Amino acid sequence: MKLVTAFLGLGSNLGNRAGYLEDALQSLDAHQCIRILARSSMYDTDPVGEIAQPNFLNMVVEIETSLPPPELLELCLTIEESNGRVRSVKWGPRTLDIDILFYSNKIIEIDGLRIPHPEAHRRLFVVKPMAEIAEPLNHPVLTEQISSILQLL
């Protein structure tokens, strides 16, 4: 399969938040089908939703990969689990969360996987780090640059 550029959103709000993010980056970079191209700063952000929980550390990473989206998702879930991720409460606290935000300029809806991430453009904790490393990128559904979306937020 040919190489594509993808963007992943990483977040953690339990334990050693920065350590979990760094471990995820190492796991991604160690995979034979992934090369990290750029990483944003880590941002301390308020949690979203009704559940009282600690602040998150969030970041975005740009990768080059030959993995198709379902396999990339499976890898992300495996890395989350290896870092103690437990899915007990939707949008609850977590050691590690890895979301596929964008996969090339593709619009994908298969088996519960939606790319671009359906909430990405509404979340400052995604758009701000995204703008840091990919400001001119066009959102494939909204056809707006990330920098324009950031200004709206």
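The values are calculated or read from the model by the stated rules, or taken from the named source; none is laboratory data. Note that the structure is a prediction, hence the values are computed from the model and not measured. Because the Cβ atoms are built from the backbone with ideal geometry, glycine has one as well, and the counts that use them run over all protein chains shown. With ligands, DNA and RNA removed, areas are computed over all heavy atoms of the protein, side chains included. Shrake-Rupley method; radii C 1.70, N 1.55, O 1.52, S 1.80 Å.
Once the 1.4 Å probe is applied to the protein heavy atoms, the range 4-127 comes out at 50 Å² accessible per residue. Loop-located chymotrypsin sites (Phe, Trp or Tyr not before Pro) in the range 10-110 (DSSP state other than H, G, I, E, B) with a sparse environment of at most 16 neighbouring Cβ atoms within 10 Å: W91.
Relative protection proxy for 2-15, 61-74, from highest mean packing down: 2-15, 61-74 (other beta-carbon atoms within 10 angstrom). About its Cα centre, the dipole of the range 91-153 is roughly 100 debye, where the only charges are +1 on Lys and Arg Cβ and -1 on Asp and Glu Cβ.
Under unit Cβ charges (Lys, Arg +1; Asp, Glu -1), what dipole magnitude, rounded to 20 debye, does the chain have relative to its Cα centre? Once rounded to the nearest 20, the dipole reads 120 debye. For the range 5-153, the share of accessible area belonging to carbon and sulfur comes to 49 percent (1.4 Å probe, ligands and nucleic acids excluded).
Given the choices (i) 15.6; (ii) 16.8; (iii) 17.9, Kirkwood radius over Cα pairs in Å derived from the coordinates of this structure is entry (i).
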